[in-house]
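Every number here is computed from the coordinates shown, using simple stated rules; none is lab data. The structure displayed is predicted, hence computed values, not measured ones. With ideal geometry, Cβ positions are generated from the backbone for all residues, glycine too; neighbour counts draw on all protein chains shown.
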Amino acid sequence: MNDLRDLYQEVILDHNKQPRNFRILPQPTHHADGVNPLCGDRISVFLDIEDDIIQDISFQGAGCAISSASASLMTEALKGKPVDEVEHLFEAFHTVVTTNAECPKGLGKLSVLAGVRNYPSRVKCATLAWHAVRAALEHEKQPVATE
Amino acid sequence: MSALPPLTTASAGNTKLDLTRIRAEFPILRQRIHGKPLVYLDNAASVQKPNAVIDAISDCYRNYYANIHRGVHLLSERSTIAYEGTREKVRALLNAASIREIIFTRGTTESINLVASSFGGSTIKIGDEIVITGMEHHSNIVPWQLLCERTGAVLKVVPFSDAGELILEEYQRLLNSGRVKLAAFVHISNALGTINPVNTMIDLARARGIPTLIDGAQAVAHLTVDVRALNCDFYAFSGHKLYGPSGVGVLYGKQALLEAMPPYQGGGDMISVVTFEKTEYADLPNKFEAGTPNIAGVIGLGAALDWLNHLGLDAVAAHEQQLLEDATAQLLAIPGLSIMGTARDKTALVAFTLHGIHPHDIGTILDREGIAIRAGHHCAQPVMQRYGVPATARASFAVYNTRDEVEALVKSIWKVKELFA
């Protein structure tokens, strides 16, 4: 059980039980779904971006404790940050969950997910919400479809 | 085949399996996972292999391997005899009328694709209907969807009850449209464990002149299948769920149908004469076995069938049903645990959810306890949609599982609850 506590840390269990920013933004400037085809889990992320700053961010969906907690922690980490920082944070986060590198200080609470590195089959759960956010930001670079 | 020591002991009219001896025949079961004894409960995905199968494959490669059906040399003859020997064993397993009705494929999926492509492609037209059920594995959904896209035929789906039993009135209603050209359904559901009333379902289709295909992937290792008694037109299964190697499967088809069907793939071994103007196809079953097949795999499947025959499918089924009863009773005592699939006729698997805990988390925590289960949609996403869940956890049993292992499973699920409390 001890090594399981490395994965399922209190912070993760707490964010799983009471996910932060777990709601739909009524008029997001950016939105995307992340799907993990392995398990069918689906997470939707919503962003409100103004002046290149993430003014608000939220998510919805059903997933395992790791993907839910990761999404919840991600929204906390990204709220108020410049859009440019998403890529940097994602890269640092990805390194932490996939390698044995030391946690960079700037990661803050996100580093509680470092235990995932010992569970390779769960890395996709931890990165699902991040991939969704990156997809949402990508869409902006493409022409907006008229409806 | 050399004489095997008995793995069963007869006592008071009951045949009891000697589990210690059976387990000793599976080298993989001896290992520890994360420091705990391996408890392998992912048998509906694939079962482990006994020494008899591992040795047969190794023996083939070490001592007599060569390509089949073409050599005048001794090794080719020996390989051909062993390969064709499995065909006779499969014929006997299914009680088929002739070895010409037994086609070797890569697995259930390829068997179904063969029928969809060859039988479906030559007989199914725009506006025709294909009936399947709501509890199919993706392998008995997608090939028919592809066929429908190609031909303009329509897929009709038989619904099932909350318990996981097909609604036969709906099945009959769908068959009555006058447009149904094939009914394809699963013998045992991999996601729910339901044993479908295939006898009745085949009879209902036959009464209307509708051919039937049965997906037997989950069935052949757990119950006796007699294709002549069933009177189905096609029956598909995989070797790897039958203690045989992966990459080998079987399609049974009635001879008259197989003869009328065009080949599935072209190539070597499926021809009798080839010129650039015209090719004459080989007779059954070779017409459907283009190219060099999985020779050692088929030979391994033969060894698996011998091994299973030696145990006796009835004794295996009785043991597994005992495990199912134990597991069901003990799991239902866990608060917040729901079992998905509670059909009266059920094979030895339990699909479940725990309130507030995702199946993937259950799977990871159980793995650390040495217990291998499946967590996910089980390649049956429509079944998950039917119950409104993204996934389930599934423990599935095989002949080598023990009542102690059921207890280990239950104890570990209590630990999952503790961790998430």
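Estimated from the Cβ-Cβ distance and a Förster radius of 60 angstrom, the FRET efficiency linking A:Phe22 and B:Arg23 is about 0.80.
Peptide B:348-361 is shielded by partner chain Cβ atoms: per residue, an average of 3 of them sit within 10 Å of its Cβ. Shielding value for B:366-376 is 2, the average number of Cβ atoms from other chains within 10 Å of each residue's Cβ. This model, with +1 at the C-beta of Lys and Arg and -1 at the C-beta of Asp and Glu, gives the protein assembly as shown a dipole about its Cα centre of some 920 debye.
Summing charges over all other residues whose Cβ lies under 15 Å from the Cβ of B:Lys49, with Lys and Arg as +1 and Asp and Glu as -1, gives -2. Stretching B:Leu257 away from B:Asp283 to a fully extended chain increases their span by 8.1 nm, per 0.36 nm per residue minus the current alpha-carbon distance.
Within the range B:254-349, the GluC sites (Glu not before Pro) that combine a DSSP coil assignment with at most 13 other C-beta atoms in a 10 angstrom radius are B:Glu277. Counting every other Cβ atom within 10 Å of each residue's Cβ, B:Tyr61, B:Tyr235 order from fewest to most as B:Tyr61, B:Tyr235.
Calculated FRET efficiency, B:Lys411 to A:Glu76, Cβ-Cβ distance, R0 = 45 Å: about 0.80 to the nearest 0.05. When the Cα atoms of the protein assembly as shown are aligned to their principal axes, the ranges along those axes come out at 75, 61, 52 Å in descending order.
First select every other residue whose beta carbon is under 15 angstrom from the beta carbon of A:His88; then total the charges, Lys and Arg +1, Asp and Glu -1. Every neighbour counted, the sum reads -2. Note on chain A: percent of Cα-Cα distances in each 10 Å bin, starting at 0 and stopping at the bin with the largest distance, equals 12, 44, 34, 9, 1, 0. Here the label points at A:Glu102 and A:Ile53, each 7 Å from Cα along the C-beta direction, are separated by 3.3 nm in the simple model.
Take the alpha carbon gyration tensor of chain B, find the square roots of its eigenvalues, order them as a ≥ b ≥ c, and report rounded if a/c is under 1.5; if not, report prolate when a/b exceeds b/c, else oblate. Here chain B falls in the oblate category. What's the angle, to the nearest 10 degrees (0 to 90), between helix A:65-78's Cα axis and the longest principal axis of chain A? Helix A:65-78 and the main axis of chain A meet at about 50 degrees. Remark: the range A:2-139 carries a charge dipole of roughly 540 debye about the Cα centre, counting +1 on each Lys and Arg Cβ and -1 on each Asp and Glu Cβ. Exposure proxy for B:Leu230, B:Leu93, B:Leu419: other Cβ atoms within 10 Å of each Cβ, ordered fewest to most, give B:Leu419, B:Leu230, B:Leu93.
Just to confirm the filter: which trypsin sites (Lys or Arg not before Pro) across the range B:17-77 are DSSP coil and have at most 16 other Cβ within 10 angstrom of their Cβ? Passing both the DSSP loop test and the Cβ count: B:Arg70. Near B:Ala183: Cβ cut-off under 14 Å, other residues only, Lys/Arg at +1 and Asp/Glu at -1. The net charge is -1.
Distance between the pseudo-spin-label points of B:Ile126 and B:Asn51 (7 Å out from Cα toward the beta carbon): 6.3 nm.
The aspartates and glutamates whose alpha-carbon is closer than 16 Å to the alpha-carbon of B:Lys411, local same-chain residues fewer than 8 away aside, are B:Asp326, B:Asp361, B:Asp367, B:Glu369.
When you count the other C-beta atoms within 10 angstrom of each residue and take the mean per peptide, A:87-97, A:106-116, A:18-28 line up highest first as A:106-116, A:87-97, A:18-28.
Working from Cα pairs under 8 Å separated by at least six residues, relative contact order for chain B is 22 percent.
Of the residues B:Ile130, B:Thr20, B:Ile299, the one whose Cα sits farthest towards the positive end of the charge dipole of the protein assembly as shown is B:Thr20 (charges of +1 on Lys and Arg Cβ, -1 on Asp and Glu Cβ, taken about the Cα centre).
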